[in-house]
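Report on the structure given below.
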Amino acid sequence: MGASYLLFTLTFALVFYVLGATFVESLVNYRSWRFIGESEFKNYHRAIGRRVIPLVVLPFVLSVALTIALVPLHPSLIPVWSLWLSLIVDLIAIVVSVVFQIPLQLEFDRNGKSSPALERLIAIEWIRNAAHCFNAVLFVWMMMRLSVRFA
């Protein structure tokens, strides 16, 4: 197995890690915020926010960087267009984060709990989740193309 296969496998694993991490973040964490009292919320949000960076954001950034690295270094059985499509889908997740989620998260840090802001965060999260799901399905398709070589 060559370096391109190893790079792809690592990227594949990170794509699925990010999918799981973002699902826990959005489907478990965000929805649980409804039950945190207003006086505790600001401290809670700041504490958990510091953990999100190394556990969700950095793995996502690394998966994007590895996907970029795969463009010139991809295994021959993986079409380069599928990697570009993956990067477009990643860009959708980035835009949703930068335009909607990060400003709302900063609002929570500044002002504490806001039910309307929380509901906006939850309402927009499906777009980022859909992007991560599509990317995971795309990577499964790419992995299936590679599995033909080893069958």
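Here are a few things to note about the model shown:
- Residue that is within 13 Å of the chain's Cα centre (by Cα) and without any contact (Cβ under 8 Å) to a residue 40 or more places away in the chain, where the choices are VAL99, VAL18, VAL95, VAL28: VAL95
- Among the numbered conditions (1) surrounded by 12 or more Cβ atoms within 10 Å (Cβ to Cβ); (2) under 12 Å from the mean Cα position of the chain (by Cα); (3) modelled with pLDDT under 95, the only one that ILE53 does not meet is (1).
- Breaking point among (1) over 19 Å from the mean Cα position of the chain (by Cα); (2) among the hydrophobic types (A, V, I, L, M, F, W, C); (3) surrounded by 12 or more Cβ atoms within 10 Å (Cβ to Cβ), for ILE68: (1)
The values are calculated or read from the model by the stated rules, or taken from the named source; none is laboratory data. Given the structure is predicted, the values throughout are model-derived calculations rather than measurements. Using ideal geometry, Cβ is built from the backbone for each residue, glycine included, and neighbour counts are taken over all protein chains shown.
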